[in-house]
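Quick note: the coordinates plus some simple rules give every number you see, no bench work behind them. Here the structure is a predicted model, which is why all the values come from computation and not from measurement. We place every Cβ from the backbone using ideal geometry, glycine too, and count neighbours over all the protein chains shown.
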Amino acid sequence: MLKHRLFNIFFFITAGIVAFFIYNLLYSEQKISYVPFQPQIQIKKIQPPRTGAYLGISQYDRDYKNILSLQKDTGKHFAIIGIYQSWGDAKNNFDFNWANMIKNQNSIPLITWEPWIPVAGYDRSEQKVDQKKFRLIHIANGDFDNYIKKFADDVKSYKYPVMIRFAHEMNGNWYSWGSKFNTPGEYIAAWRHVHDIFLSEGATNVTWLWSPNAIYVDSQVPYAGQIKMFYPGDKYVDWVGFSAFNWAGIYKQNVWQTPSDLYTTTISDLATLNKPIIIAETASAGSSFATMKAEWIKELAVYIKKNPEIKGAIWFNAKDNGIDWRLESTPASRDAFKNAFDDYFLNFQTGNSGNH
């Protein structure tokens, strides 16, 4: 009888211990299975400022020391910093080092992404720039998909916001993707194809900037003044912009033009698309009068402030076509920029003015 009782006690104790472990095992598994799903943080598109405009700069090389030097000399901090990257160049992959340098200085990298083998600005005859390999129909048909996917994967791995300005100034005859060699339909198909590859690869940290040349008249260039013929559609574009330069009578018989002369017609057309507008590439040549470029820079700042639909402006800071477009081309132009671009012009990361 005693043995039977001891056996029962031992059985119930053992059963209790086993039940305890089974309960805890099941309960712990239940807790794991019901942990709320934690989604990855989605990197938002670059939004326009509520007031003011982002201040940006672009240059051909990736030497950030030039930018730091200019920021120091002018007392500004550029919200957006751009480079030009060609598909047919030896260095055509996404540059992590450059992008991280920009990001670490609280700025946004902008890549003007050019599907061609680059040709010097002073030799852009139609014969030189008509690179049939890079016709837009080939991009739309998938001939460059491996390269595009690799670039998209790298941008995704970077994780931080990037602006991409693909195949800009398409309403011209100085690039292989221009309207002299491709139709608007082919341009739209190529843009959408590139965009969709980035989307399928998960590179959602890209803000897409569509950027024609400013409206102009040239009977030899199809659709030179019909920029919206090339618009890919609202779901494929985040910002719209344009290029416009004051050539100051130096090139192609252009005359001196004020910011109002250059911009107003194009901005009115772009405004109908209801997207944030940025002057994606602009500058002024100098003249025989040293102060004229400086005065033009002052007019530029005033014009932007009088037109609040402009949410950003990027100065083309390079030598090109034998012209020194840089802000520091003369002390007068550098100082004009320093004084004219005041607290209205913003730093992206902080939302504060671009002034230090």
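Protection proxy ranking of 316-329, 112-125, by the mean of other Cβ atoms within 10 Å over each peptide's residues and highest first, is 316-329, 112-125.
Per residue, the convex hull around the alpha carbon atoms of the stretch 106-265 comes to 131 Å³. Cross-link partners of LYS133 among lysines, defined as those whose alpha carbon lies under 21 angstrom from its own and excluding same-chain residues fewer than eight positions apart: LYS91, LYS149, LYS150, LYS180. Under 17 Å of direct C-alpha separation, and excluding same-chain neighbours fewer than eight residues apart, LYS45 reaches these lysines: LYS103, LYS156, LYS159, LYS235, LYS275, LYS311. Cross-link reach is defined here as a Cα-Cα straight distance under 17 Å, omitting same-chain residues fewer than 8 places apart; for LYS72 the aspartates and glutamates meeting it are ASP63, GLU328, ASP335, ASP342, ASP343.
Taking every alpha-carbon pair under 8 Å whose residues sit at least 6 apart, the stretch 185-326 reaches a relative contact order of 20 percent. Shown in residue order for the stretch 52-68 are the 3J(HN,Hα) couplings computed by the Karplus curve 6.51 cos²θ - 1.76 cosθ + 1.60 at θ = phi - 60°: x, 8, 5, 9, x, 8, 9, 8, 6, 8, 10, 7, 6, 4, 4, 5, 4 Hz (x for Gly and Pro). Placing unit charges on the Cβ atoms of the charged side chains and taking the dipole of the stretch 182-312 about its Cα centre, the candidate lying farthest along the positive direction among PHE230, SER243, ILE197 is SER243. When only alpha carbons are used to place a centre, the stretch 40-108 and the stretch 237-299 end up 21 Å from one another.
The convex hull around the C-alpha trace of the stretch 198-356, projected and averaged over every direction, spans 11.1 square nanometres.
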